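Report on the structure given below.
The values are calculated or read from the model by the stated rules, or taken from the named source; none is laboratory data. Please read all numbers here as calculations on a predicted model, not as lab measurements. Counting neighbours? That spans all protein chains shown, and the Cβs are built from the backbone with ideal geometry, glycine included.
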Amino acid sequence: LTGTLNAATQVATIAGLVGTTYGRLLLMKLALLLPILALAAVNRRRHLPQLGGEGATVGRPAMRRLARFVGCEAALALLLLAVVAVMSATPPARHEAPDWPFAFRLTTAVLDDAPALRARALVGSQMAVLGLVGLLVAVFVGAGRLALAGGALVVLAAGAGLALPALAVDAYPTTYLRPAVPYQALSIATGAGLYQTHCASCHGATGAGDGPAGRSLPRPPADLRAPHTAQHTAGDLFWWISQGISQMPAFGDRLTVEERWDLVNFLRALSSGHAARGLGAAGALERPWLVAPDASFAVGPTPPRALTEYRGRRIVLLVLYALPASRPRVTLLAQNYDILAALGVEVIAVPVDAAADALRALGAEPRIVFPVVTDGAAEIAAAYGLFAAAPHAEFLIDRQGYIRAIARSHGEAGELNPLLAAIQQLNEEKSPLPAPEEHVH
């Protein structure tokens, strides 16, 4: 039990088990342990009882066989101890970047937009469950056990053969690689610039696959806004950018590792932003899925701070505003800031023009006491602008770091009640999700 718990802690994932040195050593350890247990069982059940038999014909031959088997056990045990010694000097799998060894992986994400595959996977999984039940029944029955177990194995294999191919997608050595650059506004903004330089000619300025250079290709370039982008891991995207795929050239010799990860972060934000078009002011409060990119910013001469500093403590209302159109709405928020603060909300205002004199431009009345970003605004506006293409946008970010509602407008004052209702819903949530990691996967 303790070994299982330790393995789960040190390895954590299938990728860590088959794609790291520590994980492979663990598999080797298990491969050595199984024959040791099998030899011990044979010795216990067969050879030891025979030692009491007639000496010349049963006892002494059994002793010789037992000695050979014990010798094999000892040799395997020494190998196992050697593997354990190497494992003790090897970094655990959770601290090592996995190198995925297979050309495919299994994921349920492929079923989202494929009804035929979904039906196939459902039928196959039910057959596999039926086969497993048959195997369990075969353990406890007497007559017909072998026939029942054989039939159950056939059903199990047929179910697996039907379901698993439906869940299989292409995979690469970097599929489960942990991104080297966090999912932050600066990285996304940098990736956006790299995209326009290296990718927009084929994939189009907005990622729709309608770039001028793409028209001459045998197949239209992929629409990078589509859900399939989010269905692939960050490591998949990194591999394609580095090594190329199909008619897309490799950029591994033109972009640094950090620049390629910046591009990955931008593409994930681009796809998420396209999927967030239906996330309105009412918010999808029942299903947090849209991760709010972290951002580092400063307010006047104060020390820099980050959005993640509010996690676990405050709800954040991130406001992208443009003057003079947004002045009515900013004024309304300033006049009701005491109510918002009492509900556990911090308002952070970001000028989309990234003006250094943003505080002076807002004027002395009404008095604004919430943070107005003066350094880092350009990166925040570029990253969050992918989620809401509007003159004025407000992002309600819960305490775990998920965008739960997006209000798009032209900056008119509007009503405060819908915002207060969404905040109240967040405050009443009983079992929120854990905070997202700072790297996309």
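Considering each residue of the range 204-223 in turn, at least one proves to be in a helix (DSSP H, G or I), over 22 Å from residue 106 (Cα atoms) and among the hydroxyl-bearing types (Ser, Thr, Tyr). Of everything listed in (1) in a loop (DSSP other than H, G, I, E, B); (2) within 23 Å of residue 295 (Cα to Cα), the single unmet condition for residue 406 is (1).
Let's see how each residue does on (1) more than 30 Å from residue 428 (Cα to Cα); (2) buried (at least 20 other Cβ atoms within 10 Å of the Cβ):
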{"position": "349", "(1), (2)": "no, yes"}
{"position": "354", "(1), (2)": "yes, no"}
{"position": "367", "(1), (2)": "yes, no"}
{"position": "370", "(1), (2)": "no, no"}
{"position": "380", "(1), (2)": "no, yes"}
{"position": "384", "(1), (2)": "no, yes"}
{"position": "395", "(1), (2)": "no, yes"}
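Considering the conditions (1) at pLDDT below 95; (2) within 28 Å of residue 194 (Cβ to Cβ); (3) crowded, with 17+ Cβ neighbours inside 10 Å, residue 362 is excluded by exactly one of them, (2). Against the criterion of being of a type outside the set (S, T, N, Q) and in contact with an Asp or Glu (Cβ under 7 Å, 6 or more places away or on another chain), residue 367 does not qualify.
Condition (residue is under 21 Å from residue 419 (Cα atoms), out of contact with any Asp or Glu (no Cβ under 7 Å at 6 or more places or on another chain), part of a strand (DSSP E or B) and modelled with pLDDT under 95) applied to the range 289-296: is it met by at least one residue? Yes, the range 289-296 contains a residue that is under 21 Å from residue 419 (Cα atoms), out of contact with any Asp or Glu (no Cβ under 7 Å at 6 or more places or on another chain), part of a strand (DSSP E or B) and modelled with pLDDT under 95. Among the residues making up the range 330-389, those that are of a type outside the set (A, V, I, L, M) and either part of a helix (DSSP H, G or I) or not assigned by TED's automatic domain parsing to the domain that holds residue 312 (or both) are 331, 335, 337, 338, 360, 379, 384.
For the range 305-333, the set of residues classified as closer than 22 Å to residue 386 by Cβ and surrounded by fewer than 16 Cβ atoms within 10 Å (Cβ to Cβ) consists of 306, 325, listed by residue number.
A quick yes/no check of all residues on (1) within 18 Å of the chain's Cα centre (by Cα); (2) not assigned by TED's automatic domain parsing to the domain that holds residue 404:
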{"residue": "199", "(1), (2)": "no, yes"}
{"residue": "206", "(1), (2)": "no, yes"}
{"residue": "223", "(1), (2)": "no, yes"}
{"residue": "234", "(1), (2)": "yes, yes"}
{"residue": "290", "(1), (2)": "yes, no"}
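The C-beta contact set for the range 75-97 (first residue in contact (Cβ under 8 Å) with a residue 12 or more places away in the chain, second residue among the small types (Gly, Ala, Ser), distance under 7 angstrom, 6+ apart or interchain) comprises 93/12; 93/16; 93/23; 94/12; 94/16. Would you be able to say whether some residue in the range 413-431 is buried (at least 22 other Cβ atoms within 10 Å of the Cβ) and closer than 25 Å to residue 179 by Cα? No, the conditions are met nowhere in the range 413-431. Can residue 110 be described as modelled with pLDDT under 90, out of contact with any His (no Cβ under 6 Å at 6 or more places or on another chain), part of a helix (DSSP H, G or I) and closer than 30 Å to residue 172 by Cβ? Here the answer is yes, as residue 110 does meet what is asked.
Residues in the range 378-396 that are within 17 Å of residue 305 (Cα to Cα) and either hydroxyl-bearing (Ser, Thr, Tyr) or modelled with pLDDT under 95 (or both): none. Of everything in the range 173-213 that is buried (at least 23 other Cβ atoms within 10 Å of the Cβ) and of a type in the set (Phe, Trp, Tyr), the residue that is nearest to residue 264 (Cα to Cα) is 183.
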